[in-house]
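Here's the structure, in structure tokens; my notes come after.
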Amino acid sequence: MKNSFIANSVNRTVQGLLGEHNTLGTSFNLYSQKRFSLDQVHEKIQTHAAYPRLKSASIFLYAARHHSMMSNHNDYEAGRRLYDHCMTPYADNGIAANAHECAALVIYSALSSTSLVQVNRAIVLGSGDNPSRKILHEFAIIGEVTGNATCVTMPMDRIAVFLRKKLLSRSETPWAVDAAFNVVCPLKVYINCLGQAISNVATAEKSGQAKGYKKQPPLLIGPEVSPTAFYAMVSDGDLLAVEVTQGSERLNISENEGNLNLNDFF
């Protein structure tokens with residue numbers, strides 16, 4: 001099967017799960033990734049209309065990530081656990097799926113329902129020379145990227161150049177699957193497609209507010225991270241692509257899943 005077909009098929013599966021079970025919503029607010037029952041939250045945040053939903057989401061994310069860490073689950077196992085949760089009667093309580101969870105669901109779906117034996121976890125890191133960098137975003141890559149290595153890194157704005165120089169001329173084009181933003185496209189044009197997706201989300205959210213819609217959008221960006229600021233950070237970052245199999249080791253990431261030490265890879 002071609003990478004394009006697998007990528008679109010996997011994304012449809014994951015979008016179906018998120019559409020039916022992601023009742024707690026997705027957010028790129030920094031505070032949504034904290035456990036509100038333990039962290040002090042500013043009064044302004046507590047008065048936000050989405051606060052109750054984000055509090056529930058943060059508790060779910062904390063519990064799910066903590067369980068994966070304590071069980072030493074890799075991305076495949078983390079995705080399988082989320083998938084199994086959706087398939088149980090408890091799914092009525094909903095799940096929360098930020099970029100990390102969306103990527104895990106894509107990885108699980110790709111490795112469990114296709115002939116693929118490996119995919120790539122794509123981690124966008126803050127730029128700079130610091131070996132311990134903050135994770136800005138995550139998605140998955142279907143297709144060859146790493147060559148003879150198990151991981152590679154490249155500037156986000158130089159992905160096309162990297163692929164042209166490193167991959168064989170007849171290699172099939174690798175595809176990006178960013179389920180958090182419902183983006184499926186050739187990896188070389190990912191940053192452009194992400195920009196359009198973020199613009200569409202921001203426009204839809206403003207339109208809904210203007211028309212007085214009370215339903216919360218599935219994706220929230222801000223107020224701590226605006227759509228423009230988020231895209232700027234991602235565009236200026238570096239992309240780390242790491243091979244993942246069903247039995248690969250769990251990546252050594254900080255307890256809050258927020259920082260990655262590049263010395264563990266290079």
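The values are calculated or read from the model by the stated rules, or taken from the named source; none is laboratory data. Computed from a prediction, not measured in an experiment: that's the story for all the values here. Quick reminder, even Gly has a Cβ in these numbers, built from the backbone with ideal geometry, and neighbours come from all protein chains shown. Heavy atoms of the whole protein, side chains included, go into the accessibility calculation; ligands, DNA and RNA do not. Shrake-Rupley method; radii C 1.70, N 1.55, O 1.52, S 1.80 Å.
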### Accessible area (Å², 1.4 Å probe, nearest 10) - C102
0
### In Å², nearest 10: area of M69 left accessible to a 1.4 Å probe
50
### Query
Taking the simple approach of a point 7 Å from Cα along Cα-to-Cβ for both R250 and S127, what is their distance in nm?
3.3
### Task
Scan around H137 for amide H atoms under 5 Å from its own, H built in the peptide plane at 1.01 Å from N, and keep only partners 5 or more places away or cross-chain.
V124
### Message
Using each residue's phi in the range 180-192, evaluate 6.51 cos²θ - 1.76 cosθ + 1.60 at θ = phi - 60° and report the 3J(HN,Hα) Karplus result to the nearest Hz, with x for Gly and Pro.
### Response
4, 10, 6, 10, 10, 6, x, 4, 5, 10, 4, 4, 5
### Query
How much FRET efficiency would the formula 1/(1 + (r/R0)^6) give for S169 and T47, where r is the Cβ-Cβ distance and R0 is 51 Å, rounded to 0.05?
0.35
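So how do R12, R158, R81, R250 rank on accessible area, 1.4 Å probe, biggest first, that is with the largest at the start? Each step should come with its number before you reach the end.
Numbers: R12 145, R158 115, R81 95, R250 55 Å².
Final ranking, largest accessible area leading: R12, R158, R81, R250.
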### Query
So, in nm, how far is label V189 from label M87 when the simple model puts each one 7 Å beyond its Cα toward the Cβ?
3.5
